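The next block holds one structure in the form of structure tokens; read it before the comments.
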Amino acid sequence: YRVLLNKHNIKAELTATTRTGMHRYTFPKTKQATIVIDLKHRDEVLDSYLTVVNDSTIKGMRRSKAWATDQYVYFYIRFSKPFKQYTVALNDAAIRSNTAQGKNVKAHVDFNLPQGGIVLVKIGISAVSENGAQQNLDAENSSWDFDATAKQTRQYWNKELAKIEVKGKATDEAIFYTALYHCMLNPNTYNDVDGQYRGTDLKIHLMPGNMKNYYTVFSLWDTFRGLHPLLSIIDEQRTNDFINTFLLQYEQGGLLPVWEFSGNETYCMIGYHSVPVIVDAYAKGIKGFDAAKALKAMVHSASTDKYGLPCYRKFGFLANDCEHESVSKTLEYAYDDWCIAQFAQLTGDATTYE
């Protein structure tokens, strides 16, 4: 991504790896070339801190509340040039310290670029720890070659998009591959390179050996109908990892994901649509997970007391005087329960099928 920040005539360019970001800022001739780190920006901050480690490194953490009610992001930032000075601020007041902690933490770093020039910034992120963020950065983005990193990322995307080949008008191809690209934006990798991740109990766990990655952002009401059936055809490895992630979230959070985000179950939307994702994959021969545990988790999802399920189980449908969105919930619960029955039949559990 590239944009000209025309207020100050600064060219900003961004690229990424799986767990890191890389920035390239081209400054004009200036008396003060400055980059601001603003931990208050965006959603509600629960806690944050940063520490200026040396004249080219900053590390820290940001906990926030929005869709996810307790989201952790640790970061480790390296600059390609030493800064001539820095300022740390707490509650919008500069402090004489290299570190600050609170709900309104900022810093800015100033570079000596009287003739203009380029500053590169590399950021590793982690949901686990500062050390995890640093390890991710070291493992995935050790060089300072922005163009090489962007080229590598472009090649990675081309490899993924090439799983489906279409031919037609250029405009139609652009529409198709843009849509396919959108299909691959979520779920997101959520483990560090060493296999650690933050579970739905918000504690730190080590990923089991049968998984390549642990994932987050399961907006399942949005994705069970079309996205996951597509991914089960073009990406069996990730689909296996999605389902193993579901089962870990069931173990650690007590429920298959409904709408999970950054280790937080948001309980957004209706149904329990982890179920059809698991059943569709299993029916297609994707079986790299514990089927008995999956069936147990499915039945548990259908047996909770949320969202009118007791009335649904009692009457076989939801009346509007029992629960709002009664027609939609009846339809979606019925479909998910049918999927549980099919999975029970596929795995030889006649009692649960009946």
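Bear in mind these aren't lab numbers, they're just calculated from the coordinates by the rules spelled out. Note that the coordinates shown come from a computational prediction; the quantities given were computed from them, not determined experimentally. Every residue, glycine among them, receives a Cβ derived from its backbone with ideal geometry; neighbour counts consider all protein chains shown.
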If one builds a Gaussian network model of the chain from Cα atoms under 10 Å apart, the most fluctuating residue listed among Asn141, Asn186, Asn158 is Asn158
Inter-part distance where the stretch 83-114 and the stretch 245-315 are each reduced to a Cα centre, Å:
45 Å
Stokes-Einstein D for the stretch 282-349, Kirkwood Rh over Cα pairs, 25 °C, 0.890 mPa s (µm²/s)
188 µm²/s
Neighbourhood net charge (15 Å Cβ-Cβ; Lys/Arg +1, Asp/Glu -1) for His300
-3
Rounded to a whole number of µm²/s, how large is the Stokes-Einstein D of the stretch 147-280 at 4 °C and 1.567 mPa s, given Rh as the Kirkwood radius over C-alpha pairs?
81 µm²/s
Quickly work out the Glu165-to-Gln345 label distance, labels modelled 7 Å from Cα along the C-beta direction, and quote it in nm with one decimal.
3.8 nm
Sort the stretch 127-205 into rounded, prolate or oblate with this rule: let a ≥ b ≥ c be the square roots of the eigenvalues of the Cα gyration tensor; rounded if a/c is under 1.5, and if a/c is not under 1.5, prolate when a/b is larger than b/c, oblate otherwise.
oblate
Sites Trp144 and Lys284 - FRET efficiency at Förster radius 41 Å, r taken between beta-carbons, to 0.05
0.40
To test your reading of the geometry: what angle, between 0 and 90 degrees and rounded to tens, separates the Cα axis of helix 291-302 from the longest principal axis of the chain?
90 degrees
Show that you can apply the helix-only estimate: for the chain, add -39,500 (n - 2.57) for every DSSP H stretch of four or more residues, divide by all residues, and state [θ] at 222 nm to the nearest 500.
-11000 deg cm²/dmol
Which FRET efficiency value, to the nearest 0.05, is calculated for Asp110 and Thr153 with the Förster distance at 30 angstrom and r the Cβ-Cβ distance?
0.50
Semi-axes of the chain from the Cα gyration tensor (sqrt of 5 times each eigenvalue, largest first, whole Å) come to 44, 24, 19
Ratio of the stretch 57-204's C-alpha Rg to 2.2 N^0.38 Å, to two decimals?
1.34
Tell me which cysteines of the chain come out unpaired when the rule is another cysteine's Cβ under 4.7 Å.
Cys183, Cys268, Cys339
Taking amide H positions as placed in the peptide plane 1.01 Å from N, state which residues far from Val128 in sequence (5 or more) or on other chains have amide H under 5 Å from it.
Tyr74
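Apply the a/c threshold of 1.5 to the C-alpha gyration tensor of the stretch 27-107 and tell me whether it is rounded, prolate or oblate.
Prolate, because a/c is 1.5 or more and a/b exceeds b/c.
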